[in-house]
Structures are given as C-alpha cells and as structure tokens.
Amino acid sequence: MNDKLDFIFSRRSVRLFTDDPVPENLIEDILMAGMSAPSARAKDPWRFVVLREPEDLEAMLKIVPNGAMLKSATAAFLVCGDIDAAHDNYESYMLQDVSACTENMLLAANALGLGSCWIGIHPRTERIKPLQQYFKLPGNIIPVAGIALGYPAQKPEKRTRYNKKYILNFE
Ligand SMILES: Cc1cc2nc3c(=O)[nH]c(=O)nc-3n(C[C@H](O)[C@H](O)[C@H](O)COP(=O)(O)O)c2cc1C
C-alpha cells in the first residue's frame, strides 16, 4: 500500500460517533469536495439536503432501517440527483455523477478528521418516496445516498480489498 494513497486506504465506514458537533465550515468543505467530482458533460445533477437537527436525523433513521449509525451521527447529508439536470436525462448518468460526488464527500470527511458512512437509499422506492415526502422534494429530485457524519468514536484499520482475480486480463 503506497503511503501517498493513505487518504484513500484510511477512509473506512464509521458507524459510531462522539457528541462533538461538526463545525459549519467543515460541512461546506465537504460539499465543495462533493461538487468537484467528475460529472458527465459537467451537468452537476447532484443536489443536497444537510441534516443538522436531531429531529431530522431521527426522521431519516425511521425511514432507512439500514441507517442505525444515524443514532450517534451529529450531522448527515441526503445526496440526491436531479434527473432533469442529468446528461441527456439518463438515470444512469445521474447515478454515476452522484456516486462520484458521494465518494468525494466521504474522502473529504476522512481527510478533515471526521468519520462517515454511506447509507444505501437508491434504488429502494420504499426509502426514496418517504424521504422525498419528509424533505418536501419534488419528483425530479431523487434521493440516492445518505451520509452519516460526525467525529469518529471508532477507528477501523486502513486497508484495501485489492484482489488480483478482479483484474480480468491480469497475467
Ligand atoms: C451503495 C452503498 C450502500 C451502502 N449502504 C450501507 C448501509 O445502508 N449501511 C451501512 O452500514 N453501510 C453501507 N454501505 C457501506 C459499506 O457497507 C462499506 O463501504 C463496505 O462494507 C466496505 O467497508 P469500508 O467502507 O469500511 O471500506 C454502503 C456502501 C455503498 C457503496
């Protein structure tokens, strides 16, 4: 593992957080990192809901059964895509752009000393629709991923899941 890539290898899913609040300027730094991701034709179809209030975090936790890490998170993002803004209105381009954006945000959080965890939302309509309702999002704004955020109360080891078998033309 090349030390120069530590910022990638040390990004691990963090599912337990301290009570310390995330400063507002770091929230904006993470959003800036997200919005510097590659995007098909630079259409930037990503849209965000920033969750800071405990009642919003609780509401999201109720909607996403897989989001237990929201119990201790002090902030979260709902990362959405605007299907009307995506390149040629393709859902796939929107999802690729929003996923690249989400990964940038996770890497940024790690680089800033924060912990984060991706919360799966898309393509599960039973999560997408109630989130659209709760956050009053119009139909063209599709929730794709959640990000639980906070100061880490656990520190998973850095690692790669490198596997030569996945390189199909590896000699
Ligand atoms: C599309 C996607 C959905 C995910 N959904 C969840 C989730 O709902 N809950 C969770 O705890 N982790 C979720 N994760 C995180 C993965 O479990 C985690 O990235 C994987 O186990 C590898 O561990 P690492 O992130 O520590 O490297 C998701 C990751 C992706 C890319």
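The values are calculated or read from the model by the stated rules, or taken from the named source; none is laboratory data. Worth saying up front: this structure is predicted, and the values here are computed from it rather than measured. Because the Cβ atoms are built from the backbone with ideal geometry, glycine has one as well, and the counts that use them run over all protein chains shown. Please note that ligands, DNA and RNA were not included when accessible areas were found on the heavy atoms of the full protein model with its side chains. Shrake-Rupley method; radii C 1.70, N 1.55, O 1.52, S 1.80 Å.
Any idea which of (1) closer than 22 Å to Lys136 by Cα; (2) free of Cβ contacts under 8 Å to residues at least 12 places away in the same chain is the one Val79 doesn't satisfy?
(2)
Can you tell which of Asn66, Asn104 is open to solvent by 10 Å² or more (accessible area, probe 1.4 Å) and in a loop (DSSP other than H, G, I, E, B)?
Residue meeting the stated conditions: Asn66.
If you check Pro21 against the conditions, is it closer than 14 Å to Gly146 by Cα, open to solvent by 60 Å² or more (accessible area, probe 1.4 Å) and not in a helix (DSSP H, G or I)?
Criteria not met by Pro21.
Tell me which residues, restricted to segment 37-63, are open to solvent by 70 Å² or more (accessible area, probe 1.4 Å) and either among the charged types (D, E, K, R) or touching a His at 6+ places or on another chain (Cβ under 7 Å) (or both).
Arg41, Lys43, Arg47, Arg52, Glu53, Glu55, Glu58, Lys62
Among Asp84, Asp6, Asp29, which is open to solvent by 40 Å² or more (accessible area, probe 1.4 Å), at pLDDT 95 or above, part of a helix (DSSP H, G or I) and more than 15 Å from the ligand (Cβ to nearest atom)?
Numbers: Asp84 fails: part of a helix (DSSP H, G or I); Asp6 fails: more than 15 Å from the ligand (Cβ to nearest atom).
Selected residue: Asp29, the only one of Asp84, Asp6, Asp29 that is open to solvent by 40 Å² or more (accessible area, probe 1.4 Å), at pLDDT 95 or above, part of a helix (DSSP H, G or I) and more than 15 Å from the ligand (Cβ to nearest atom).
Just wondering, is there one or more residues in segment 104-119 that are over 21 Å from Ile8 (Cβ atoms), without any contact (Cβ under 8 Å) to a residue 60 or more places away in the chain and within 14 Å of the ligand (Cβ to nearest atom)?
Restricting attention to segment 104-119, the residues satisfying the condition of being over 21 Å from Ile8 (Cβ atoms) are none.
No, segment 104-119 contains no residue that is over 21 Å from Ile8 (Cβ atoms), without any contact (Cβ under 8 Å) to a residue 60 or more places away in the chain and within 14 Å of the ligand (Cβ to nearest atom).
Scan segment 163-170 and give yes if some residue there is over 29 Å from Leu112 (Cα atoms) and either in contact with a strand residue (DSSP E or B) (Cβ under 7 Å, 6 or more places away or on another chain) or open to solvent by less than 70 Å² (accessible area, probe 1.4 Å) (or both), otherwise no.
Looking through segment 163-170, at least one residue is over 29 Å from Leu112 (Cα atoms) and either in contact with a strand residue (DSSP E or B) (Cβ under 7 Å, 6 or more places away or on another chain) or open to solvent by less than 70 Å² (accessible area, probe 1.4 Å) (or both).
Scan segment 107-121 for residues that are assigned to a loop (DSSP other than H, G, I, E, B), open to solvent by less than 30 Å² (accessible area, probe 1.4 Å) and over 11 Å from Ala148 (Cα atoms) and jot them down.
Ile121
Among the residues that make up segment 88-99, is at least one of them buried (at least 23 other Cβ atoms within 10 Å of the Cβ) and under 30 Å from Pro23 (Cβ atoms)?
yes
Return the only residue of Arg47, Arg41, Arg127 being in contact with an Asp or Glu (Cβ under 7 Å, 6 or more places away or on another chain) and not in a loop (DSSP other than H, G, I, E, B).
Residue meeting the stated conditions: Arg47.
Can you find a residue in segment 88-99 that is in contact (Cβ under 8 Å) with a residue 40 or more places away in the chain, of a type in the set (S, T, N, Q) and away from the ligand (no atom under 12 Å from the Cβ)?
yes
Run Arg12 past the list (1) open to solvent by 50 Å² or more (accessible area, probe 1.4 Å); (2) out of contact with any Pro (no Cβ under 6 Å at 6 or more places or on another chain) and report the number of the one that doesn't hold.
Only one criterion is unmet by Arg12, namely (2).
Looking only at segment 122-161, how many residues end up being open to solvent by 40 Å² or more (accessible area, probe 1.4 Å), in contact with a Leu (Cβ under 8 Å, 6 or more places away or on another chain) and within 16 Å of the ligand (Cβ to nearest atom)?
4
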